[in-house]
Amino acid sequence: MEKNTLIISDLHLTHLFDKKKFTYLVNLFKKADKLIINGDLWSYFMCDFVDFLESGWKKLFPLMLEKDCVYVHGNHDRKEWCNENTNLFSVKSCEKYSFEQNGQLFNIQHGHKNSGNFAKNKTIIKGIRKYKLDDKSYAIQETILKKLGEPVYAKIGAALNKKHKKQIRKHSKGQEIFIRSHTHSPEISLDKRYINTGFVNFGFGSYLLVNDQISLIKERYL
């Protein structure tokens, strides 16, 4: 039987617990032999790392370790905002990660460094946290997704996907497949060697499953 490698991103977990999302993630992680989180597992813009670690989400950690979880940092959960306690839920934490399966090489990065990430200045980051701007952004995103649907919501980040693909054309010399996230716009374009895993939030989940096939899956969870 082929190994199931699950790549998922942009969960944006906080100190607040969501039972429906938790149940969805448990059932999803159980499908995996190997789990890779491609950034934004949790969000510093809404809580500190210790708050996340002590939240109800810690019930996921034993399962994540069981699946040999590799944790790639994103823009919401940057390396400097974490500490050695990433080992509570992952066997490895890094800025980028590569693996080979069935003779195919996969190159994994969150993608924010190729997307013109605006939240670099410490003053801006403090303002986002102080005025809870991410809360407001999530509320708008949830409304768009639920009222207009995932295809409309995904178009918001489609331009950033194009930026990712441009970077791949510019710098790639091999035949690896590049797996990115960050944009919340799930996409699989194997002819361009590009996959975006999308996001998990607001009752919608998208993720990549690699076994004898390469499948980008999009689904609702209730």
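The values are calculated or read from the model by the stated rules, or taken from the named source; none is laboratory data. Note that the structure is a prediction, hence the values are computed from the model and not measured. As a convention, Cβ positions derive from the backbone with ideal geometry for all residues, glycine included, and neighbour counts pool all protein chains shown.
Some points to look at:
- Scan of the stretch 60-80 for residues that are among the aromatic types (Phe, Trp, Tyr) and buried (at least 17 other Cβ atoms within 10 Å of the Cβ), ordered by number: TYR71
- Of all residues in the stretch 138-154, those that are on the phi < 0 side of the Ramachandran plot and at pLDDT 95 or above have Cβ atoms under 6 Å from Cβ atoms of residues that are among the hydrophobic types (A, V, I, L, M, F, W, C) and not in a helix (DSSP H, G or I), 6 or more apart or on another chain, in GLU142/PHE202; LEU145/PHE202; GLU150/PHE204.
- Of all the criteria given as (1) hydrophobic (A, V, I, L, M, F, W, C); (2) surrounded by fewer than 18 Cβ atoms within 10 Å (Cβ to Cβ); (3) farther than 19 Å from LEU41 by Cβ, the one not satisfied by ALA154 is (2).
- Filtering the stretch 160-172 to residues that are under 17 Å from ASP191 (Cβ atoms) and either hydrophobic (A, V, I, L, M, F, W, C) or not in a helix (DSSP H, G or I) (or both) leaves ILE168, SER172.
- Qualifying residue in the stretch 148-159 (condition: part of a helix (DSSP H, G or I) and within 23 Å of GLU80 (Cα to Cα)): no
- Top-ranked residue in the stretch 1-42 [being over 20 Å from ASN83 (Cα atoms), of a type in the set (Val, Ile, Thr) and buried (at least 16 other Cβ atoms within 10 Å of the Cβ); ranked as farthest from the chain's Cα centre (by Cα)]: THR5
- When the stretch 43-75 is filtered for residues that are part of a loop (DSSP other than H, G, I, E, B), more than 21 Å from ASP33 (Cβ to Cβ) and over 16 Å from the mean Cα position of the chain (by Cα), the ones remaining, listed by number, are MET46, CYS47, ASP48, GLU54, SER55.
- Residue, surrounded by the most Cβ atoms within 10 Å (Cβ to Cβ), within the stretch 173-187, restricted to residues that are touching a Phe, Trp or Tyr at 6+ places or on another chain (Cβ under 7 Å) and part of a loop (DSSP other than H, G, I, E, B): HIS184
- Leading residue by the ranking (farthest from the chain's Cα centre (by Cα)) among those in the stretch 91-123 that are part of a helix (DSSP H, G or I) and either modelled with pLDDT of 95 or more or exposed (fewer than 12 other Cβ atoms within 10 Å of the Cβ) (or both): THR123
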